[in-house]
Amino acid sequence: MKSVCLNLTAWSSKILTVWTLLSLFLFPAVGLSFTDRIIAIVNKEVITRSDLEHEIQDEYKRLKAKFHGEELERRYRQKQREVLNHLIEDRLQIQEAKAKGLDVTQEEIDAALRRTPLPPTQTEEEFSHQMLLKKLFDFEVRRNVVVEEEELRRYYDANPTLFLNPPQYRLKQILFAGKEEFERERAKKKAQAIYAAWKPDTVLEDLASQHFVQVSELGWVQENELLDPLAQVVKDLVPGQLSPPIETLLGFHLLVVEDIQKPQPVPFENVEREIRGTLMKQRSDEAYRTWLAELKHKAFIEIKF
């Protein structure tokens with residue numbers, strides 16, 4: 001009898017061990033069920049706490065690097081709400097795409113990746129997900145957005161300051177080049193000496209020859225064609241005025257603005273395509289917000305967060 005009891009005990013132990021091993025393979029997330037929970041229901045789909053944490057983990061790292069204590073907690077809670085709303089909208093759109101019979105084939109994915117290589121931080125599954133959302137957007141929203149020709153001209157006429165060429169400046173320059181420290185110090189002193197000697201009625205070339213340097217004609221230039229320190233100074237100069245010494249990587253500059261050409265209107269034909277793109281985006285964004293709001297209104301959404 002004792003032998004039988006021992007055998008039964010050993011057999012029960014073996015059964016328990018086998019069941020434990022099977023449970024690890026068949027139910028790998030069973031341990032998660034004690035901590036994970038449903039935080040939103042979108043029609044018949046659920047969003048769990050782990051879904052949210054997975055989506056927000058990179059943003060949390062960025063917030064943690066900048067904020068601490070109560071401020072970190074406040075910003076994190078705000079970001080959680082934003083990301084949860086994004087997840088809900090994402091689920092709604094994927095459900096709608098399936099309802100419309102839309103999908104993305106492997107051939108479409110491969111063709112798109114030949115045009116635009118997959119970023120290292122993105123998986124092919126995430127890429128195909130984005131493609132499906134874009135296909136849905138084009139099907140539901142973009143194809144219904146129209147911009148008439150006369151609207152382009154009205155927008156151009158109503159926003160004249162948006163379509164101006166930047167001002168141009170006709171410049172002269174004296175450059176005292178220097179890379180090494182002793183060269184730059186010498187260049188600085190020479191530039192300061194000429195600037196101190198200059199007067200409004202002084203001819204720059206005469207002053208330059210007295211110091212054995214040359215004046216360079218830069219011609220007509222725009223601000224974005226100049227090094228940043230030069231562009232900032234040029235905007236404040238009036239024609240005929242000599243700038244104080246300006247330091248750049250090249251050395252020290254003295255600039256004179258000879259003339260200024262005020263901003264000129266860009267011809268309508270040159271910006272027609274740009275205006276169409278602007279209006280299309282505005283209309284598409286507005287139509288998308290309206291469509292998504294209607295999608296939410298028709299859906300069953302329950303938030304448990």
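The values are calculated or read from the model by the stated rules, or taken from the named source; none is laboratory data. Just so we're clear, the structure is a prediction, and the values are computed from it rather than from any experiment. Here the Cβ positions follow ideal geometry from the backbone for every residue, glycine too, while neighbour counts run over all protein chains shown.
Check whether at least one residue in the stretch 112-124 is surrounded by 16 or more Cβ atoms within 10 Å (Cβ to Cβ), in contact (Cβ under 8 Å) with a residue 60 or more places away in the chain and either of a type in the set (A, V, I, L, M, F, W, C) or not in a helix (DSSP H, G or I) (or both), and report yes or no.
Within the stretch 112-124, the subset surrounded by 16 or more Cβ atoms within 10 Å (Cβ to Cβ) is 112.
Imposing the further condition that a residue be in contact (Cβ under 8 Å) with a residue 60 or more places away in the chain reduces the set to none.
Scanning the stretch 112-124, I find no residue that is surrounded by 16 or more Cβ atoms within 10 Å (Cβ to Cβ), in contact (Cβ under 8 Å) with a residue 60 or more places away in the chain and either of a type in the set (A, V, I, L, M, F, W, C) or not in a helix (DSSP H, G or I) (or both), so the answer is no.
Could you check, for the stretch 177-197, whether at least one of its residues is in a strand (DSSP E or B), at negative phi and buried (at least 16 other Cβ atoms within 10 Å of the Cβ)? Break it down stepwise before answering.
Going through the stretch 177-197, the residues in a strand (DSSP E or B) turn out to be 177.
From what is left, the residues that are at negative phi are 177.
Imposing the further condition that a residue be buried (at least 16 other Cβ atoms within 10 Å of the Cβ) reduces the set to none.
Within the stretch 177-197, not a single residue is in a strand (DSSP E or B), at negative phi and buried (at least 16 other Cβ atoms within 10 Å of the Cβ).
Can you run down the residue pairs with Cβ atoms below 7 Å, 6 or more apart or on separate chains, where the first is in the stretch 282-305 and in contact (Cβ under 8 Å) with a residue 60 or more places away in the chain and the partner is of a type outside the set (A, V, I, L, M) and surrounded by 11 or more Cβ atoms within 10 Å (Cβ to Cβ)?
Short answer, once both residue conditions are applied: Ser284/Arg142; Ala287/Asn144; Tyr288/Phe137; Trp291/Glu140; Leu292/Glu89; Leu295/Glu96; Ala299/Asn43; Phe300/Asn43.
Just one of Thr123, Thr116 is at pLDDT below 95, among the β-branched types (Val, Ile, Thr) and within 26 Å of Lys281 (Cα to Cα); which is it? Don't jump to the end; show me each part of the working.
Numbers: Thr123 fails: within 26 Å of Lys281 (Cα to Cα).
Only one candidate qualifies: Thr116.
Could you identify the single residue in Ile94, Ile174, Ile109, Ile194 that is under 30 Å from Arg49 (Cα atoms) and more than 23 Å from the chain's Cα centre (by Cα)? Working first, answer last.
Values: Ile174 fails: under 30 Å from Arg49 (Cα atoms); Ile109 fails: under 30 Å from Arg49 (Cα atoms); Ile194 fails: under 30 Å from Arg49 (Cα atoms).
Selected residue: Ile94, the only one of Ile94, Ile174, Ile109, Ile194 that is under 30 Å from Arg49 (Cα atoms) and more than 23 Å from the chain's Cα centre (by Cα).
Any chance you could count how many residues in the stretch 199-216 are closer than 14 Å to His253 by Cβ and either of a type outside the set (Ser, Thr, Tyr) or in a helix (DSSP H, G or I) (or both)?
Initially, the stretch 199-216 is screened for residues closer than 14 Å to His253 by Cβ, giving 204, 208, 213-216.
Filter once more, so that each one left must be either of a type outside the set (Ser, Thr, Tyr) or in a helix (DSSP H, G or I) (or both): 204, 208, 213-215.
Result for the stretch 199-216: 5.
Residue-by-condition table, conditions (1) small (Gly, Ala, Ser); (2) at pLDDT 95 or above; (3) more than 22 Å from Arg184 (Cβ to Cβ):
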site	(1), (2), (3)
Asn224	no, no, yes
Leu227	no, no, no
Leu230	no, no, no
Val233	no, no, no
Leu254	no, yes, no
Phe268	no, yes, yes
Glu274	no, yes, yes
Asp285	no, yes, yes
Tyr288	no, yes, yes
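Go through (1) of a type in the set (A, V, I, L, M); (2) in contact with a Ser or Thr (Cβ under 6 Å, 6 or more places away or on another chain); (3) closer than 13 Å to Ile174 by Cβ and name the single condition Val215 misses.
(2)
Enumerate the pairs (first residue in the stretch 53-75 and under 21 Å from Ala40 (Cα atoms); second residue anywhere and surrounded by 15 or more Cβ atoms within 10 Å (Cβ to Cβ)) with beta-carbon separation below 7 Å, excluding pairs fewer than 6 apart on the same chain, so at least 6 apart or on different chains.
Cβ pairs passing all conditions: Glu55/Val83; Glu55/Leu87; Ile56/Lys79; Ile56/Gln80; Ile56/Val83; Glu59/Lys79; Tyr60/Tyr76; Arg75/Leu63.
Could you check, for the stretch 125-145, whether at least one of its residues is free of Cβ contacts under 8 Å to residues at least 24 places away in the same chain and part of a loop (DSSP other than H, G, I, E, B)?
Step one: list which residues in the stretch 125-145 are free of Cβ contacts under 8 Å to residues at least 24 places away in the same chain, which gives 125-127, 130, 134, 138, 143.
Still in the list and also part of a loop (DSSP other than H, G, I, E, B): none.
No - not one qualifying residue is present in the stretch 125-145.
In the stretch 274-305, how many are under 29 Å from the mean Cα position of the chain (by Cα), surrounded by 12 or more Cβ atoms within 10 Å (Cβ to Cβ) and β-branched (Val, Ile, Thr)?
2
Mind listing just one residue for me: the one in the stretch 148-163 that is part of a helix (DSSP H, G or I) and under 14 Å from Pro263 (Cα atoms) and, of those, nearest to the chain's Cα centre (by Cα)?
Pass one, the stretch 148-163, residues part of a helix (DSSP H, G or I): 149-158, 160-162.
Next, only the ones that are under 14 Å from Pro263 (Cα atoms) stay: 160-162.
Numbers: Pro160: 27, Thr161: 25, Leu162: 22 Å.
Checked the stretch 148-163; the qualifying residue nearest to the chain's Cα centre (by Cα) is Leu162.
Given (1) more than 28 Å from Leu162 (Cβ to Cβ); (2) surrounded by 13 or more Cβ atoms within 10 Å (Cβ to Cβ); (3) out of contact with any strand residue (DSSP E or B) (no Cβ under 7 Å at 6 or more places or on another chain), where does Val271 come up short, assuming only one miss?
Result: Val271 fails condition (1) only.
What do you reckon, is Ile56 in a strand (DSSP E or B) and touching a Lys or Arg at 6+ places or on another chain (Cβ under 9 Å)?
Working: in a strand (DSSP E or B): no; touching a Lys or Arg at 6+ places or on another chain (Cβ under 9 Å): yes.
Judged against the criteria, Ile56 is not a match.
Given the residues Glu70, Glu108, which is the only one that is in a helix (DSSP H, G or I), farther than 23 Å from His297 by Cα and in contact with a helix residue (DSSP H, G or I) (Cβ under 8 Å, 6 or more places away or on another chain)?
On the way: Glu70 fails: in contact with a helix residue (DSSP H, G or I) (Cβ under 8 Å, 6 or more places away or on another chain).
Only one candidate passes the filter, namely Glu108.
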